[in-house]
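As structure tokens, the structure follows; a few thoughts come after it.
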Amino acid sequence: MTTVGLLYPGHLAEEDFPRLEVLLDSDIRLPLVHTDRTEDSRHGDALREMSAPQRLAAGVDELRLAGAESVVWASAAGGFVHGPEGAHRQVRELALAAGLPASSTAFGFAHAARRLKAVRVAVAAAWPEEIQAYCAAFLAAEGVEVVATGGALAPVAEVVSWGREEVLGLAVSADHPTADAVLLPDTALHTAAHLDELEERLAKPVLTASQVTVWEGLRLADRRAWAFHLGTLFARPGL
């Protein structure tokens, strides 16, 4: 049994994680603890408040009791907004609070892009320019260049309700011929059901928030997992 503990901000697209658990090996568990979420979580100050160390630390006891072997802060923007040094400090403090290996969705994207040798990426997110800029700066510090962005600003309540057509449209709007992969980093977006179609439509790897969050937690737990329908990131080598 491998157990990856997830700290998830509020109640948004957490239904992705039970779907991922089903599609992965039967001995992988993904217990999730909801952390407090600020009302205006699309802007820098609100995101920094939402991801303050004490807020994240409040959920780690429950994850330890659930048998977690690693912990991931499941918010990409809640990592990007602290800048490269601040994001590293964030996961160090989370690891100390949990007594376990820890990371964030932000680092999940950087590590997953590296795993796929994607050095140029397009980013698709309905975020303000401020958050898009934090994302690009963080990824650049990790050796990943953002060559294109796409997606008009939309409120969280709208993004949560998006289905197949909206998700595909968002990804297509950001794609660029020079991008090695397309990233959908918004944790409020439901993507787990659409990974196959996203990659088929774009003809390149697609990395999404829920997908890389789980992959990052498994990486920390030293567990390799292969699965159908979860994109190139989870495809067995050689297939």
(message) If I model a spin label at Glu62 and Thr232 as a point 7 Å from the Cα along the Cα→Cβ vector, what separation in nanometres do I get?
(response) 3.6
(request) In square nanometres and to one decimal, what's the mean projected area of the convex hull around the Cα atoms of segment 35-88? (result) 3.8
(request) At 1.4 Å probe size, with no ligands or nucleic acids counted, give the accessible surface of Phe109 in Å², nearest ten. (result) 0
(request) Compare Pro185, Pro205, Pro53 in a GNM of the chain, Cα atoms joined below 10 Å, and give the one with the largest fluctuation. (result) Pro53
(message) If you roll a 1.4 angstrom probe over the protein chains with everything in place, what fraction of the accessible area of segment 62-103 belongs to carbon and sulfur, to the nearest %?
(response) 56
(request) Measure off 7 Å from each Cα along the Cα-to-Cβ vector at Ala157 and Ser26, then give the distance between these two points in nanometres to one decimal. (result) 4.3
(request) Would you calculate, for the chain, the mean residue ellipticity at 222 nm contributed by helices, counting each DSSP H stretch of 4 or more residues as -39,500 (n - 2.57) and dividing by all residues, to the nearest 500? (result) -12500 deg cm²/dmol
(message) Test of understanding: what is the full-extension gain from Glu142 to Glu166, defined as 0.36 nm times their sequence separation minus their Cα-Cα distance?
(response) 5.7 nm
(message) When 1/r is averaged over all different Cα pairs and the result inverted, which Kirkwood radius in Å belongs to segment 1-66?
(response) 13.0
(request) Only residues of segment 104-118 count here: report those whose backbone N is under 20 Å from the spot 7 Å along Cα→Cβ of His176, or say none. (result) 109-118
(request) May I ask you to give the percent of accessible area on segment 121-190 that is carbon plus sulfur, with a probe radius of 1.4 Å? (result) 57
(message) Placing unit charges on C-beta atoms (Lys and Arg positive, Asp and Glu negative, everything else neutral), compute the dipole magnitude of segment 142-193 about its Cα centre in debye, rounded to 20.
(response) 140
(message) Heavy atoms only, 1.4 Å probe, whole protein assembly: order Leu12, Leu195 by accessible area, highest first.
(response) Leu12, Leu195
(message) Leaving out ligands and nucleic acids, and using a 1.4 Å probe, what accessible area per residue does the chain come to in Å²?
(response) 42
(message) Can you give me the Kirkwood hydrodynamic radius for the chain, using every pair of distinct Cα atoms, in Å to one decimal?
(response) 17.3
(request) Starting from the residue with the highest accessible area, list Lys117, Lys204 in decreasing order, probe 1.4 Å. (result) Lys117, Lys204
(request) In debye, nearest 20, what is the charge dipole magnitude of segment 73-124 about its Cα centre with +1 on Lys and Arg Cβ and -1 on Asp and Glu Cβ, if you could check? (result) 280
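Take the solvent-accessible surface of the protein heavy atoms, probe 1.4 Å, and return the percent of it on segment 1-40 that carbon and sulfur atoms account for. Don't skip to the answer; put the middle values down first.
On the way: 830 of 1890 Å².
Using a 1.4 Å probe with all protein chains present, segment 1-40 comes out at 44 percent carbon and sulfur.
The values are calculated or read from the model by the stated rules, or taken from the named source; none is laboratory data. Keep in mind it's a predicted model, so treat the numbers as computed, not measured. Please note: Cβ atoms are built from the backbone with ideal geometry, for glycine as well, and neighbour counts cover all protein chains shown. Note: accessible area is taken over every heavy atom of the protein model, side chains too, but ligands, DNA and RNA are not part of it. Shrake-Rupley method; radii C 1.70, N 1.55, O 1.52, S 1.80 Å.
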